[in-house]
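Structure record follows, encoded as C-alpha cells.
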Amino acid sequence: MPKRTQAGLLFACFILFQTANSQKAGLAWPNGNFNDIRQYTSTGKVTWYYTWSPNPVRSDLEFVSMLWGRDQIDTFTSMINKTISQNGVTHVLGFNEPQQPGQSNLTAEEGAELWRTYLGPLKSQGIRLGTPAPSSAPSGKTWLQDWLTACAGGCNPDFVALHWYDVNATQFQLYLEDFHDTFQLPIWVTEWADHNFNGDDQPSFDEVVSFLNQTQSFMDATDWVERYAWFGVMENMQDVGYNNAMMDSQGDITDLGRQYIGGGSAEGGSAPSAVSSASSRRFRTQFSALPPRISSAIMALTALPGLLQELIFL
Ligand SMILES: *[C@@H]1O[C@H](CO)[C@@H](O)[C@H](O)[C@H]1NC(C)=O
Ligand SMILES: *[C@@H]1O[C@H](CO)[C@@H](O)[C@H](O)[C@H]1NC(C)=O
Ligand SMILES: *[C@@H]1O[C@H](CO)[C@@H](O)[C@H](O)[C@H]1NC(C)=O
Ligand SMILES: *[C@@H]1O[C@H](CO)[C@@H](O)[C@H](O)[C@H]1NC(C)=O
C-alpha cells in the first residue's frame with residue numbers, strides 16, 4: 001500500500017492503542033508486598049501506583065511517591081532521592097485531604113510552608129508535582145484556592161490532585177470540569193468511589209459497575225485528566241462500601257477489579273463481603289511478623305485512616 005496510507009493506518013492504530021491503553025489507570029495500594037499486585041497488571045491498562053507514602057513496593061509499575069502530611073516528613077526526606085534514582089520516580093503527590101481534621105489536617109498557610117520546604121525544591125530535579133488532594137467536601141476547593149493564595153506564586157504545581165466520593169457520575173464529571181476550569185491544570189483523581197457519605201443509602205453492585213464504567217470512560221477520553229486511581233484495591237475498605245472493592249478478603253482481584261483493568265464488564269458479577277474478624281486477625285499477624293525494615297515501610301502507611309490503622313496497631 002502507498003506509504004501515506006501506511007503511515008495513516010499506523011497512526012490510526014497508534015490512536016486506538018493509546019485509547020485502549022490510556023496509561024491513566026493506577027492503583028492506590030496500601031497492601032505493601034502482602035498481596036499480589038501482578039493480578040492487576042495482566043492487561044497492561046494499569047501503569048502506575050502510589051502507597052499514600054514515600055515507600056514503594058516490589059513491582060514493575062511506575063511508583064508515584066507521596067508526602068501524606070507532617071507525620072511522614074522524616075520518611076519522605078530519607079526516601080525521596082533513593083526512589084528517584086532507584087525506582088525512577090518522576091511524579092510526587094502532595095498532602096492527603098488537608099482540609100479534613102482526621103486526615104493531614106493542615107491550614108492553607110501550613111500547607112504552603114510545608115510545600116515550599118519539602119516539595120517545591122524537587123522541581124529542580126525534574127519532578128512533576130501534584131497539589132495537596134482535597135476531599136470533595138465543599139471546603140476542598142476553597143482550601144486549594146486559599147493554599148495557592150498562601151503560596152503567593154511560589155508553589156507552581158504541575159497538576160491538581162483530588163478525591164471524590166458520591167453517587168452520580170454526571171456530577172463527578174461536572175466536578176472535574178469545574179476544577180479544571182478553575183485551576184487550569186491537568187487533573188489526577190487519586191481516590192474516587194461510588195459511595196454516599198451523606199446518608200445510609202448505598203449504591204447496589206450493579207450501580208457501582210455502571211458508575212465505574214461511566215466515570216472511567218469519561219476520564220480515559222478526556223485529555224486533561226492525566227491519571228486516576230479507584231478506592232479501593234484493599235481487603236478492608238474502611239468506611240467505604242464493599243460494592244467498591246477491587247480486592248476480596250483473601251487478597252484476590254474481584255469482578256469489579258477485572259473491569260477496572262479492562263478485563264471485561266463486572267455486570268452480573270458480585271462484590272466481596274466485608275472482611276471477617278478471622279481475616280482481620282490474619283492481617284494483624286502478618287503485620288506483627290514483619291522484619292523491621294518492611295514494618296517501618298508499613299508504618300508509613302499508618303497515614304491511612306480508620307480501621308486499617310487499627311489493624312496495624314492492634
Ligand atoms: C536530593 O538530591 C539533591 C541533589 O541531587 C539534593 O540537592 C537534595 O538536597 C537531596 N534531597 C534530600 C531530601 O536529601
Ligand atoms: C488539627 O489541627 C489543629 C491545629 O491546627 C488541632 O487543634 C487539632 O487537634 C487537629 N485535629 C486532629 C484530629 O488532629
Ligand atoms: C445526576 O446529576 C445530574 C446533574 O446534576 C442530574 O441532572 C441528574 O438528575 C442526577 N441523576 C440522578 C439519578 O439523581
Ligand atoms: C464501558 O462499557 C462499554 C459497554 O459495555 C464498553 O465497551 C467499554 O469498554 C466500557 N468502558 C470501561 C472504561 O469500562
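The values are calculated or read from the model by the stated rules, or taken from the named source; none is laboratory data. Keep in mind the model is a prediction, meaning the values are calculated, not measured. Reconstructed Cβ throughout: ideal geometry from the backbone, glycine too, with neighbour counts over all protein chains shown.
Details
- Some residue of the range 249-267 being of a type outside the set (A, V, I, L, M, F, W, C), crowded, with 20+ Cβ neighbours inside 10 Å and within 16 Å of ligand 3 (Cβ to nearest atom): no
- Selection from the range 9-33 of residues that are modelled with pLDDT under 95 and surrounded by 12 or more Cβ atoms within 10 Å (Cβ to Cβ): Ala20, Asn21, Ser22, Gln23
- Test result for Glu97, touching a Ser or Thr at 6+ places or on another chain (Cβ under 7 Å) and on the phi > 0 side of the Ramachandran plot: yes
- Of the residues Leu162, Leu122, Leu129, the single one that is more than 24 Å from Pro101 (Cα to Cα) and either outside any helix (DSSP H, G or I) or within 16 Å of ligand 1 (Cβ to nearest atom) (or both) is Leu122.
- Enumeration of residues in the range 39-51 that are part of a loop (DSSP other than H, G, I, E, B) and buried (at least 19 other Cβ atoms within 10 Å of the Cβ): Lys45, Val46, Thr51
- No other residue among Gln202, Gln171 is outside any helix (DSSP H, G or I) and either modelled with pLDDT under 95 or not aliphatic (A, V, I, L, M) (or both) apart from Gln202.
- Residue among Met79, Met66 that is touching a Phe, Trp or Tyr at 6+ places or on another chain (Cβ under 8 Å), free of Cβ contacts under 8 Å to residues at least 40 places away in the same chain and either more than 18 Å from Leu185 (Cα to Cα) or acidic (Asp, Glu) (or both): Met66
- Taken together, Ser135, Ser104, Ser85 contain a single residue that is within 16 Å of ligand 1 (Cβ to nearest atom) and at pLDDT 95 or above, which is Ser85.
Okay, residues lined up against (1) in a loop (DSSP other than H, G, I, E, B); (2) in contact (Cβ under 8 Å) with a residue 12 or more places away in the chain; (3) of a type in the set (A, V, I, L, M); (4) more than 15 Å from Thr190 (Cβ to Cβ):
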position	(1), (2), (3), (4)
Ser53	yes, yes, no, no
Ser59	yes, yes, no, yes
Ile84	no, yes, yes, yes
Pro98	yes, yes, no, no
Glu109	no, yes, no, yes
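- The set of residues in the range 33-43 being out of contact with any Leu (no Cβ under 8 Å at 6 or more places or on another chain) and without any contact (Cβ under 8 Å) to a residue 60 or more places away in the chain consists of Arg38 alone.
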